[in-house]
Structure formats: structure tokens, C-alpha cells
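Right, one structure below, let's go through it.
Derivation of every value follows stated rules applied to the coordinates shown; laboratory data play no part. All figures in this text were calculated on a predicted structure; none of them were measured in a lab. Here the Cβ positions follow ideal geometry from the backbone for every residue, glycine too, while neighbour counts run over all protein chains shown.
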Protein chains: 2
Amino acid sequence: MENHNLHTVGLTVEEIDTPALLLDLDAMERNLAAMASFFASKKATLRPHTKTHKAPILAHRQIAAGARGICCQKLGEAEIMAQGGITDILITNEIVGRQKVRRLMHLARQLRHGRLAVCVDHPANVNELSEAVQAAGVRLDVLVDVNVGQNRCGVAPGKPALELARQVLRSPGLRLRGLQGYEGHCMVKEDEQERRHAFEAAWSLLLETKHLLKREGIDLEEISAGGTGTFEWLVECPEATEVQAGSYIVMDAKYRKVIGETRFACALSVLSTIMSTPDADYAVCDAGFKTITHDQGMPEVKGVAGIEYYLGGDEHGRLRYVDAARRFELGEKIELIVSHCDTTINLYDKYFGVRNGVVEVVWDIAGRGKSQ
Amino acid sequence: MENHNLHTVGLTVEEIDTPALLLDLDAMERNLAAMASFFASKKATLRPHTKTHKAPILAHRQIAAGARGICCQKLGEAEIMAQGGITDILITNEIVGRQKVRRLMHLARQLRHGRLAVCVDHPANVNELSEAVQAAGVRLDVLVDVNVGQNRCGVAPGKPALELARQVLRSPGLRLRGLQGYEGHCMVKEDEQERRHAFEAAWSLLLETKHLLKREGIDLEEISAGGTGTFEWLVECPEATEVQAGSYIVMDAKYRKVIGETRFACALSVLSTIMSTPDADYAVCDAGFKTITHDQGMPEVKGVAGIEYYLGGDEHGRLRYVDAARRFELGEKIELIVSHCDTTINLYDKYFGVRNGVVEVVWDIAGRGKSQ
């Protein structure tokens, strides 16, 4: 990749071509500090999920702020993070199949002086991993992934989880580190009571499973769960050891609706240009499906009230004047707070790190598209 | 970029890691041939939209099959296509603002022995372009972009379009090539009668505008419109000179619903692995929001009946057994026909071109993420 960054540092936001992904460095650093301060007095530790930001530099910042290591969702992301110097990685997902297991063994060898763990939810996968680590001469930690109500991956709580844990204990080369119980189905429920009840139901399934294993003589080092929508409740549970929250570092419009901005602020935005003003009722900007995802709703215009973004297709966004104080001018630049940080970041190759309206740094999103 | 492709050519589909974007070369080539055969006897010519595939090699294939040149939606895509050796490019969009106009001038210089055109819908943009081409010592063709009912960009039909055309004629360095009237709002209406009526309403607005200009003494070289959902009707209009259809080359599940598969077949799929089989009612595959877009609906499992893909989040897809003959096995690979080719292709760096189950070629999607 050519390094165009040399010509970009020092530009003002107004000089950045669009659409571009901006990272407000002050806001991001305040988010890091707020999370560090929150965890300073807690027994559980933070293992932030880097599927959100996909940038090794931000993982290093999180570790410097006290995180014990990181989470990745995909093996490809973990490879990028290891290449970026991160040495303690939990892949919060099942790694299945010949090609991926082979790559996982190479990653385990690369991290032999660090820590690497994956999740399992199926006996055949446990066997596949155990055979592979023996053949490769490496060791691997595993967490039994428990379905706590998300109904995606994960073994059923209780006895099925116990049986899988026993299989891991019997499997040469594998070390049972603990349980994962990701309550993804709770995370962005906007009603706080509803979210809390869903969290408590999920947590009780994980806790019962932990107690069952304890009664059966299996002690676990880690109980790993949680996200940005639930971490405050999770750390109050004495059995929780590890929290996987990730979105807090940049935030998005959806999480702002869910948890407010008292602790974390929206640090991420998409810079866009008003490229057409064909009508008194709306304007058109140059950011559509290919640069802003809509899976959690429409983006919001930052700092301008009375404007509604609505669909303009793959490469355009339409901005309806609902109760706006003025009309946009052709060529004007606006910032959009996206509804979902993870999927939007995955569309971009770099962050423009901005402070006081000036580009201070350009960071590669090295994990962009690393979905294998 | 490292060339891993050398190690990939010759692999079987089963050996490709997932998620991966597959292109069935036989189907794609049949689509190219079918479109070429359709246009062979027509007065209008095909200028395929490459916002869909974003790969210069596929643009070359389209031109070799008779297309006169190509369309791009973004300046960044046009730069990639020019770099890939394409010399006749219409940017079907407004290019607004200092940074982009500067880049456009460099592209115009690069294509000075070829053909380059952009669309305009605002007097200020016409002035901006005219001043820039004079300063740069280049020439530029423009099409007046007419709003034919999509209500996105585009000047109003009739007198406003006439006035803008007159301004272009007065503007040094600019050449008025014609009108564009993209009927994007008609394209994927599944009811054929409804789609046809919407198309006819849109076309009549463009035609009236062309006639008005003619009465005012302005002859136009091009009337450019159309897409994969409307091109068969557009070519029956004697005034239409240029057709912008693009999706036909790879197709998707949405267009299959709209126009069927009698002329074009779905050549694109996402290869995915069954990574969890936690329940008798569903399985989980490794392709979610970050590898398959959902803006036109859910993907379909290729060649397997009775399965329903439903949301599993950013990195997972859930597959419900509705009326399936069997259950998926852990580690099994499946192909998903995506609902929207354009936005899904934009998530990938390469196509695996497959014939008879073997990777014959790996093509870079050089325009991926080129949204500026």
C-alpha cells in the first residue's frame, strides 16, 4: 500500500475528501480513560472486543489503558492483531474446518510466548483441535461457548456444557480455560429494564453452568461475557472474571440510544459532501450503503438538528429537512454519526484521527475485510 | 499486495477458505454473451455500469463483448478503471467540491485520447467544472442529469433542464453530450406491470425534455438511461441511445425475482462454512453482515431447498430448517446467492473465478471501497 498518509497529516477536516471515516481523538481517548477508570476498582477485567475497530493501534491503546488482552471474532482479525504486536488474544468464536484449523496452528506457534484461546461448542471440533495441536506441537486454551439465549453458536447450558468441558479436559494439547456466555441478544435493547431482565436471565444460565461444573470438580479460570450494553451489570456479579465490551471506544448512534452518552461519547463519524441540492425539501450527500451501514438504523447528522437521513441507494444519502434552521449548501461538508460502528468501520481502509479540526494521524484499519 | 493468487489457482472450491466470493465463470460468460446478442440488433448501445463488479478485467470483457465504454458512479472507481486500461468512461454522478474536481481534471488529462463525461444538475457545479477545465487545459463532456422520478440527484425535467443545458453550451471547456435520466426507482419492482408503468412515466419525462431542447435548437448526441430491470423496454424507444445496465453480468437474488433467470443466471455466490450445529432447528454459517449485505433482503442457499437464512449478526448467519431434506454437517461448505450484488461485492478484495468446481483465476476487485 502506498503511504498517502504523509500528505494527509496536518490537513483540516474541510480538506479531507469524502466519504471518509473520522475518529475524534479527544473523544476516543476520553472513552478509553472512562473505561479504565471504571475497571480500576473492579475484580473483573476488561478484554475489549476488537471486531469493532479492527486496528492494532487501538488494541495497544486499550491494553495500555489496563485491558488484559483482546477479543477477536474472526481468525483473520486475530492474525492481523498478532502481526500488529498483540500477544494475548481470545477468539470468541468457533474455528472449524481444515483450512482454518491449519491457520490457527500457525497462529498458536506465533503466540507461543503469549496467550491464545478459542471457543468450542461441538465434540467434533474439540477432537479436530486436539489432533491439530498434537500434530503441530503447540498448546491451545479453549473456552466452552454456552448458549445463554442468543440462539446462535454455543452448547446448551448445564449438562451439555459439562460434557463438552469434560471432553476438553480429556483432550491432549487443549487446556480448559473457562466458559464464554455472550448475551448478544440483550446488547442493544433500548428499554433499560427489558435489557436488564434479559441480561439477568442470560447470566443465570451461565452461572448455573459454572456451579454445575464446580460441583463436578471442575474449577474454571475464566467466566467471559458482556458487551457495551451490559458490562456495568456484569461486573457486579462476583463470578464474572472477564468483560468483552468493545463498541465503547468509538460508540455509535444505536448505543447512544441504549446507554446514553454519560460515560462514552460518539467518537466516530463519516465525513460526507452535499453533492446535490435539487429540491427545497431535501439535499443529497455522497454517503450511501457502500459507506454507511443501515443494519441498526439510519445515521444522524452530527451537530445539526431537524434533519432526517433516508435511503438514497448504494452511493447516496438523502437528507430531508424536517425542522431544520437552514438549508445545506452545495459542496458543504457534514458529519454523520453512524448507527452501527462495527459494520461501518469494516467498509473503510483508514481512520482520519482528528483533533481540533486537524488530521493528527491516519491509522490503517488492517482488519478491514478480514472475515475469513 | 502480496500475490497469494499463485497458490490459489487450481484449488477446488472445497479447498477455498470462507467466507469467499465466488464467480461462476461459465454463468458470467453466458450472461455477457446473452447481453451482446440482445444488443447486436439494436440501435441503442450498452454502456454497462461497473459500480456492480468494480473490476477492470470485467469491464474489458464487457467492452470485448460489444459495449461502447463503461459507467462508474464514483470518481474513485473511474480512476481505478482508467488505471486498468479503460478509456471511455461516463461518471453517472455529480462531481462536486474542490478536492474531487481537482482529481477529475487529472483523470481528464489521463484520458485525453479517450472519452470522459460526468453529470451535472446545478449551475454552480457547471461553473466549477468550466473554470477547472480551463485552468487545467483539458476538455470534458457533460450530461445534464434529469430527475425522472427517483428524487435523488438531477435537475427537474423540462425548463430547468433546458436552462442548465444552455449554461453548459455557454461554458468554455465543456461539451454538452446529452441527457441522463436514471430511473432507479423502477429497477427492482417485482411486479412487472408496476415496473413497466413506472418506467414509462420516467421515460416520458426524459423524452419531453429531449423534445423541448430540440425545439429550442439543441441537438443531443446521447440519451442515457436504464438498468437491468428496464433495459428491454428502453431499447424499444427510438430516442434512447445508451443503456446503463450493470447487474446482469453477475445477477443476484433480488434481480432473479424481478426479471427471472431466462436471460441471465446468478453467477455470484458467497462460499460459507457451517461452523456450528447447536440445535435440531437451525445451523450457523460464517457469513453475516460483514460479508453479505441485507439491504435487498436475505440471501438464499444455492441448490438446497427448504432452508431460510436469517440474521445472525455481523459475522454469523443462521440457517433455519423450514422444509429441508437433511441437516447440515459441521464443517460443510455451502454457497449463498446474495440479494444485492453491488453492496456485497464491495465487501471483498477478490473474486474466485470458478469453472467445473476448480479455481481458474483470482481477480482483484480493485474498485472495492473506492467510494471517494
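Below is a table of values for the structure above.
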| item | result |
| --- | --- |
| Semi-axis lengths (Å, descending) of the ellipsoid that matches the C-alpha gyration tensor of region A:156-207 | 30, 11, 7 |
| Neighbouring partner chain Cβ atoms per residue of A:342-351, average, 10 Å criterion | 3 |
| Sites A:Ala135 and A:Asp26, calculated FRET efficiency, Cβ-Cβ separation with R0 60 Å, nearest 0.05 | 0.75 |
| Shape call, region A:1-100: gyration tensor on alpha carbons, a/c limit 1.5 | oblate |
| Largest-first principal axis extents, alpha carbons of chain B, Å | 70, 48, 38 |
| Per-residue mean of C-beta atoms belonging to partner chains within 10 Å, peptide B:152-161 | 3 |
| Qualifying trypsin sites (Lys or Arg not before Pro) for region A:1-70 [loop in DSSP, other Cβ within 10 Å: at most 12] | A:Lys43 |
| Inter-copy spacing of B:Glu239 label points, which lie 7 Å from Cα along Cα→Cβ, given in nm from shortest upward | 7.4 |
| Within straight-line cross-link reach of A:Lys214, lysines at Cα separation under 29 Å, skipping those fewer than 8 residues along the same chain | A:Lys42, A:Lys43, A:Lys159 |
| Value of relative contact order over region A:187-319, rounded to a whole percent, pairs C-alpha under 8 Å and six or more apart | 17 percent |
| Within a Gaussian network of chain A (alpha carbon springs, distance under 10 Å), most fluctuating of A:Asp121, A:Asp323, A:Asp314 | A:Asp323 |
| Net charge, A:Val358 excluded, C-beta distance under 11 Å - Lys, Arg +1, Asp, Glu -1 | -2 |
| Chain B - percent relative contact order, Cα under 8 Å, separation 6 or more | 21 percent |
| Cβ crowding within 10 Å averaged over residues, with B:73-81, B:293-301 ranked highest first | B:73-81, B:293-301 |
| Formal net charge of residues neighbouring B:Leu23 (Cβ-Cβ distance under 12 Å; K, R +1; D, E -1) | -2 |
| Within region A:184-289: Cβ-based charge dipole about Cα centre, in debye rounded to nearest 20 (Lys, Arg +1; Asp, Glu -1) | 40 debye |
| Protection proxy ranking of A:162-172, A:208-218, A:15-25 - average other beta-carbon atoms within 10 Å, highest first | A:15-25, A:162-172, A:208-218 |
| Relative contact order of region B:223-298, pairs being alpha-carbon contacts under 8 Å that are 6 or more residues apart, as % | 21 percent |
| Projected area, mean over directions - region A:132-242, Cα convex hull, nm² | 7.2 nm² |
| Shielding by partners - mean other protein chain Cβ count within 10 Å, residues of B:314-320 | 5 |
| Shortest-first distances to equivalent copies, position B:Gly217, nm, label 7 Å out along Cβ | 10.2 |
| With Cα atoms, 0 to 90° folded angle of helix B:98-110 axis to chain B main axis | 90 degrees |
| Nonlocal amide H pairs with B:Lys350, under 5 Å, H built at 1.01 Å | B:Ile365 |
| B:Asn93 long-range amide H proximity, modeled H, under 5 Å | B:Cys119 |
